[in-house]
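Undergrad: Quick one: this structure, given as structure tokens, is what I'll be asking you about.
The values are calculated or read from the model by the stated rules, or taken from the named source; none is laboratory data. On a predicted model such as this, the values are computed, not experimentally measured, just so you know. Methodologically, a virtual Cβ is constructed for each residue, glycine included, from the backbone with ideal geometry; neighbour enumeration extends over all protein chains shown.
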Amino acid sequence: MKKAEYKKIVKRHTPKEERLKNSIIAFIVGGFLGVIGHFLLELYSAAFNVSSASASALMIVTLIFLGCLLTGLGFFDEWVHFSKAGLFIPITGFAHAMMSATLEYKKEGMVTGIGANMFKLAGSVIIFGVVSAFTFCLIRVTLGCFI
Amino acid sequence: MTFKYKNVYINDTATVVGKLENEGPLSKYFDKAELDYYVGEKTFEEGETKLILESVDILLKKQNKNIEDINMFISGDLLNQITASSFAALKLKTPYLGIFSACASSVEGLIMASNMIEKRQLKNCICSVSSDNDCAERQFRYPVEYGGPKPLTTTFTVTGAASALLSRDKSLIKVESGTIGRVIDMGIKDAYSMGAVMAPAMADTLMMHLKDLKRDISYYDLILSGDLGRYGKDILKDYMKEEYNIKLTKYDDTACMIYDINNQNVYSGGSGPACAPLVTYSYIFKLMKKKKIKRVLLIATGALLSTTTVNQKRTIPAIAHAISLEVAE
């Protein structure tokens, strides 16, 4: 049998992912997380009387802390498994990715384990985040010269 | 390449499983369950070694033997450089052969041991394999605590170790013949669809076995594949039909038997070197001892990939080895 024909058999038996259901769950969970973030933002700016930029930083730190704590306590992987993109796309997912890698390599030493592997999952996010930020910034500045 | 054996028997077996396998439908057939993910050790890897040692220990106790009575220990697992097996061999202090053909390692070990026993090079031999879900997750996929979503075709690496004692001493389960398979690659690149990767290798070995022994498929009461999973099983059935015009009827897949695949959170079923022998040495041997089935062909399938080859977008080759087990008259 040719490989192309075999791939047809495989395709016939490959189940469809429940995209709609997953999207709805991610939308609701992600949205709910956004509401919590916004609540924290309002709370911090009112309670500490700071600008919304400073309150925003505080809110992000809080969510990162909670993400890390819940990963460490062993709940977060099950929540991510259920809510998928609703939890791993927001900043909590970034914290979770770093913390789960850190926990994983704890037993392989501070430098060769934690240091070398902490960014195993999150490293790509940082690299391509910086590269795309730079690119867009360049476009914006260049366009700004002409307008 | 098929070998026939006249005087090789599986005298006894021992199975140790993890938490999820113990919650599955076959739990009452296993010898021991380890509910702690670390098996009481410091790391997952040490835990996997302990699983092997425990299964060997149970096996020796069942047969009233000491480890000094054993001529050779053959073992394989999924860890890089098969360290779970080697570290177990260090403790056992027997002559040791470490083997790797991924999830087909169990049958590879049985064939090697059977050949040496048949030729009287060995009096007896213990064949073990192990796999550990947490070890496999961190080596092949994501950190254990990450829990990221995976496609439905994913298989779930079984936690457990299985050991068998082979010798010329007559007992109920006879090793009748064994076929060493070829490496087959049908161009599948998806490491989350192992059933699709391995089904053609399974079919190739099955056909070679039948051809070498001039046998019809109806000779066997049951044909078992190692770990194709729910979807791989259907792919194999269609492939056998279209390529060889053979309808697989008395056939099952150990990946679908070890877990309750409809209710346990294991995607399309089990996988790992321990999957096939855990089911065979416990449940299937029980059926054979009750003489409900007499001739079983176990074909363990393995995907020969590494994270490097997958990241380099290479296709995934697969292998399958077959062993024919019969109730001795």
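Undergrad: Could you please give the count of residues in segment B:254-263 that are surrounded by fewer than 22 Cβ atoms within 10 Å (Cβ to Cβ) and either in contact (Cβ under 8 Å) with a residue 40 or more places away in the chain or farther than 18 Å from B:L20 by Cα (or both)?
TA: 1
Undergrad: Within the set of pairs 6 or more residues apart or between chains, which connect a residue that is at the interface with another protein chain (Cβ under 7 Å from one of its Cβ atoms) and assigned to a loop (DSSP other than H, G, I, E, B) inside segment B:138-152 to a residue that is among the acidic types (D, E) and surrounded by fewer than 17 Cβ atoms within 10 Å (Cβ to Cβ) with Cβ atoms less than 7 Å apart?
TA: Within 7 Å, the pairs are B:G147/A:E78; B:P151/A:E17; B:L152/A:E17.
Undergrad: Among the numbered conditions (1) free of Cβ contacts under 8 Å to residues at least 24 places away in the same chain; (2) more than 24 Å from A:I127 (Cβ to Cβ); (3) under 17 Å from the mean Cα position of the chain (by Cα), tell me where A:A57 comes up short.
TA: (2)
Undergrad: When you go through A:L87, A:L103, A:L70, A:L58 one by one, which is the residue that is away from chain B (no Cβ under 14 Å), assigned to a helix (DSSP H, G or I) and hydrophobic (A, V, I, L, M, F, W, C)?
TA: Just a single option satisfies the conditions, and that option is A:L58.
Undergrad: Follow-up question, since we're still on this one. Mind checking whether some residue in segment B:122-135 is surrounded by fewer than 23 Cβ atoms within 10 Å (Cβ to Cβ) and over 22 Å from the mean Cα position of the chain (by Cα)?
TA: For segment B:122-135, residues surrounded by fewer than 23 Cβ atoms within 10 Å (Cβ to Cβ) and over 22 Å from the mean Cα position of the chain (by Cα): present.
Undergrad: Right, here's the next one. Got a number for residues in segment B:178-202 being of a type in the set (A, V, I, L, M, F, W, C) and over 16 Å from A:H13 (Cβ atoms)?
TA: Selection size over segment B:178-202: 5.
Undergrad: While we're here: Please list, ordered by residue number, the helices (runs of 4 or more DSSP H) wholly in segment B:1-110 having 1 or more residues that are aromatic (F, W, Y) and touching a residue at least 12 places away in the same chain (Cβ under 8 Å).
TA: B:44-62, B:83-92
Undergrad: Next question, about the same structure. Assuming A:Y44 fulfils every condition listed in (1) out of contact with any Phe, Trp or Tyr (no Cβ under 9 Å at 6 or more places or on another chain); (2) over 22 Å from A:H81 (Cβ atoms); (3) within 11 Å of chain B (Cβ to nearest Cβ); (4) not small (G, A, S) apart from one, which condition is it?
TA: So A:Y44 meets the others, but not (3).
Undergrad: If you take just the helices (runs of 4 or more DSSP H) that sit entirely in segment B:192-296, which of them hold at least 2 residues that are at pLDDT 95 or above and within 14 Å of chain A (Cβ to nearest Cβ)?
TA: B:194-212, B:229-239
Undergrad: Take A:G93 and tell me if it is out of contact with any Pro (no Cβ under 8 Å at 6 or more places or on another chain), within 12 Å of another protein chain (Cβ to nearest Cβ) and in a helix (DSSP H, G or I).
TA: Yes: the conditions hold for A:G93.
Undergrad: While we're on this one: What residue, of B:A276, B:A303, is under 11 Å from the mean Cα position of the chain (by Cα), under 23 Å from B:M207 (Cα atoms), touching a residue at least 60 places away in the same chain (Cβ under 8 Å) and crowded, with 19+ Cβ neighbours inside 10 Å?
TA: The match here is B:A276.
Undergrad: Give just the number: which of (1) surrounded by 21 or more Cβ atoms within 10 Å (Cβ to Cβ); (2) under 17 Å from the mean Cα position of the chain (by Cα) does B:Y251 not satisfy?
TA: (1)
Undergrad: Shifting gears a bit: Cβ-Cβ distance below 9 Å, separation of 6 or more or different chains: which pairs start in segment A:1-20 with a residue that is more than 8 Å from every other protein chain (Cβ to nearest Cβ) and end on one that is of a type in the set (A, V, I, L, M, F, W, C) and assigned to a helix (DSSP H, G or I)?
TA: Qualifying pairs under 9 Å: none.
Undergrad: When only residues in segment B:306-325 that are over 21 Å from B:T155 (Cβ atoms) and in contact with a helix residue (DSSP H, G or I) (Cβ under 8 Å, 6 or more places away or on another chain) count, which is surrounded by the fewest Cβ atoms within 10 Å (Cβ to Cβ)?
TA: This residue is B:S324.
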